[in-house]
Amino acid sequence: MEQDRRKWNQRYRSRSYPETVSGIVRRFAPAARAGRALDIAAGNGRNALYLARIGFRVDAVDISDQAVNDLASRHPMVRAIRTDLDRYELPQRSFQLIVNIHFLKRRLFPQIMEALLPGGVLIFETFVASDLAESGPTRRDHLLRENELLHAFLPIGIRYYREKTETTGRGRRRIASLVARKPF
Ligand SMILES: C[S@@+](CC[C@H](N)C(=O)[O-])C[C@H]1O[C@@H](n2cnc3c(N)ncnc32)[C@H](O)[C@@H]1O
């Protein structure tokens, strides 16, 4: 959506985001088979760059021209793709690993399952709606419902699932974390 593109360009131009690799990606990505990976809404590429460093060929997709241009030349194994995930169609049976961190686009759920190769791993972590939340998105369509992620990916076999309230420097937030592996 054009509004998202402008909003995120503005954010990436006005501040720098931490490059710390997401804990769940660091913990579970090495369990996936080597090959192609997809980072959905990759942002500054903190996770895509980590995946490239451990040997994956990574497609990093995001709507922000600023983020994609900054990422484009940072690693030869990362292909930065500027696209709107409201419209983009994921290629089928293409990836050994898909990561989706701090982003929610429900229309992609079935496509993610199709885009994984047999045995492919999905690592998904994002915000859950909670009365206790003090940080994270406020729009309802950017927030998961309780156990929604778990139910959405049941068809491909859940390996790990947790919902947890955590406190960061910006306040409390509720997070769902999921790892699934598509059957062979
Ligand atoms: C909270 S950031 C998360 C970035 C990254 N996954 C991470 O964990 O560091 C959300 C990202 O979603 C991207 N985004 C928002 N709407 C989008 C859309 N419609 N299509 C593609 N990317 C989008 C933004 O540009 C931003 O980089």
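Nothing in this text is a laboratory measurement; each read-out follows from the coordinates by a stated rule. Computed from a predicted structure; not experimentally measured. Neighbour counts are summed over all protein chains in view; Cβ atoms, including those assigned to glycine, are modelled from backbone coordinates with ideal geometry.
Take 86, 59, 141 and order them by how many other Cβ atoms sit within 10 Å, fewest up front.
Ordered by Cβ neighbours within 10 Å, fewest first: 141, 86, 59.
Helical runs (DSSP H, four residues minimum) scored at -39500 (n - 2.57) apiece and divided by the length of the chain put the mean residue ellipticity at 222 nm at -7000 deg cm²/dmol. Label sites at residue 83 and residue 151, each approximated as a point 7 angstrom past Cα along Cα to Cβ, lie 2.9 nm apart. Here residue 7 is the anchor, and the lysines within straight C-alpha reach of less than 19 Å, apart from those fewer than 8 places off in the same chain, are 105.
Taking a quarter of the surface of the Cα convex hull of segment 2-181 gives a mean projected area of 9.5 nm².
Stokes-Einstein diffusion for segment 48-99, with the hydrodynamic radius set to the Kirkwood value over Cα pairs and evaluated at 4 °C in a medium of 1.567 mPa s, equals 112 µm²/s. Of the GluC sites (Glu not before Pro) found in segment 1-102, the ones in coil according to DSSP and having at most 13 other Cβ atoms within 10 Å of their Cβ are 19, 89.
When only Cα pairs below 8 angstrom with a gap of at least 6 residues are kept, the chain shows a relative contact order of 18 percent.
Size descriptors for segment 109-162: radius of gyration and Dmax over Cα atoms are 12.8, 39 Å.
Each of 7, 105, 164, 182 was scored by other Cβ atoms within 10 Å of its Cβ. Arranged with the fewest first, they read 164, 7, 105, 182.
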